[in-house]
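Q: Take a look at the following structure, please.
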Amino acid sequence: MRSTDSDQNNITITLQQKIQNKITEIAAVADDLPGVIIIHDIRSLSVVYMSPRGTSTLGVSLEEVIALGPDYHKAFFNPEESQEYVPQIIEFLQRNNNAESLSLLQQVKGPHQTNWTWYASTMKILLWNKADEPVLTITIAIPIDTKHHISAKVGRLLDENNFLRKHFHLFSQLSKREQQVLKLLALGKSATEIADALFIATATAETHRRNIRQKLNAESAYELSQYARAFNLI
């Protein structure tokens, strides 16, 4: 039997009440939780709640964050990083698994800030509608302490990841043999040592080295080692 307009309105009101109840519940304990708490409405791709710690850090009001709607990410997040994790978020929502959470590393910057701050964020679906479709997600974002030793390690990994994305088109030009030579070059091997290791002539090893430098537009041994590390050759 088809639902009447009144029935549809009641369903909508009930869902809106559930949304508001969830926001109220989280807001009541947000200051006691670690990090910044953000609640997204998946239907409009907008923020409906951010804890005071978050708005204070960004230097904006909750009303300003809500008013941004789907432009929230463009306003505060590094666009190069978001190109990588936004597809992960979409896939996470499509899986729609109540027991699953999604962890991300994100760079955030307020409108009056000059430097990006790294956050370790964990997202989970918070509320579903009657069709079992995700409506709200909750995210806890914790800043990575730049004075902590793990921050430097995370930074190096992220730098390598950025390097990989930006230079993949160059690396993909290398043949399998050239990748083998690149690995040995990054380990500091000479043309003679490379020739011995790969059972090729020294002149052939030198030709490979020259071609690799041209294809990667790399002038120094350091640049070659960057490629080798980023693409897991060493």
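FYI, it's all coordinate maths here, none of it is from the lab. Quick caveat, the model's predicted, so the values are computed rather than measured. Neighbour counts run over all protein chains shown; Cβ positions are idealised from the backbone, glycine included.
Q: Give, in nm to one decimal, the length gained when the segment between Q88 and S101 is fully stretched (0.36 nm per residue of separation minus the Cα-Cα distance). Could you put the intermediate results ahead of the total?
A: Details: separation 13, 0.36 × 13 = 4.68 nm, distance 1.14 nm.
Stretched out fully, the Q88 to S101 stretch lengthens by 3.5 nm.
Q: Then there's this: I need the phi-derived Karplus couplings for the range 228-234: 6.51 cos²θ - 1.76 cosθ + 1.60, θ = phi - 60°, integer Hz, Gly and Pro marked x.
A: Whole-Hz 3J(HN,Hα) from phi for the range 228-234: 4, 6, 4, 9, 6, 8, 9.
Q: Looking only at chymotrypsin sites (Phe, Trp or Tyr not before Pro) in DSSP loops with at most 14 other Cβ atoms within 10 Å, what is the longest site-free stretch of the chain?
A: Values: sites that count: W116, F199.
My reading of the result: 1-115 is the longest stretch.
Q: Toward the positive end of the charge dipole of the chain, about the Cα centre and with charges on Cβ (Lys, Arg +1; Asp, Glu -1), which of I37, H167, F76 goes farthest?
A: Positive-end residue among those listed: H167.
Q: Mind jotting down the three principal axis lengths of the chain based on Cα atoms? Whole angstrom, largest first.
A: 83, 49, 27
Q: Charges at C-beta only: +1 for Lys and Arg, -1 for Asp and Glu. How large is the resulting dipole of the chain about its Cα centre, in Debye rounded to 20?
A: Numbers: 24 positive and 25 negative charges, 168 e Å.
In total the dipole reaches around 800 debye.
Q: Of A27, A75, A191, which has the largest mean-square fluctuation in a 10 Å C-alpha GNM of the chain?
A: Fluctuation is largest for A191.
Q: Quick check: the angle from helix 149-171's long axis to the longest principal axis of the chain, C-alpha only, nearest 10 degrees?
A: Roughly 70 degrees, rounded to the nearest 10.
Q: With the chain treated as a Gaussian network of Cα nodes joined by springs under 10 Å, which of P111, P79, P70 yields the largest mean-square fluctuation?
A: Taking springs between Cα atoms under 10 Å, the residue moving most is P111.
Q: Something else about it: Taking θ as phi - 60°, what are the ³J(HN,Hα) couplings along the range 100-108 by the Karplus curve (6.51, -1.76, 1.60), each to the nearest whole Hz, with x for Gly and Pro?
A: The phi angles translate into 9, 10, 10, 9, 9, 10, 10, 9, 10 Hz.
Q: May I pose another question? Put a dot 7 Å past each Cα toward the Cβ at W128 and S220; how far apart are the dots in nm?
A: So the two model labels end up 5.5 nm from each other.
Q: For every helix of n ≥ 4 consecutive DSSP H residues, a contribution of -39,500 (n - 2.57) applies; sum these over the chain, divide by its total residues, and give [θ] at 222 nm rounded to the nearest 500 deg cm²/dmol. Mind showing how you got there, number by number?
A: Working: 10 runs with 127 residues, N = 234.
-17000 deg cm²/dmol, from helical runs alone.
Q: Tell me which residues come under 5 Å, amide H to amide H, from N129 once H is placed; ignore anything under 5 positions away on its chain.
A: The list, which skips near neighbours in sequence, is V135.
Q: Within the range 150-230, how many Lys pairs that are eight or more residues apart, or on different chains, come under 25 Å at the alpha-carbon?
A: So the count works out to 9.
Q: Taking θ as phi - 60°, what are the ³J(HN,Hα) couplings along the range 15-21 by the Karplus curve (6.51, -1.76, 1.60), each to the nearest whole Hz, with x for Gly and Pro?
A: Whole-Hz 3J(HN,Hα) from phi for the range 15-21: 5, 4, 5, 5, 4, 5, 5.
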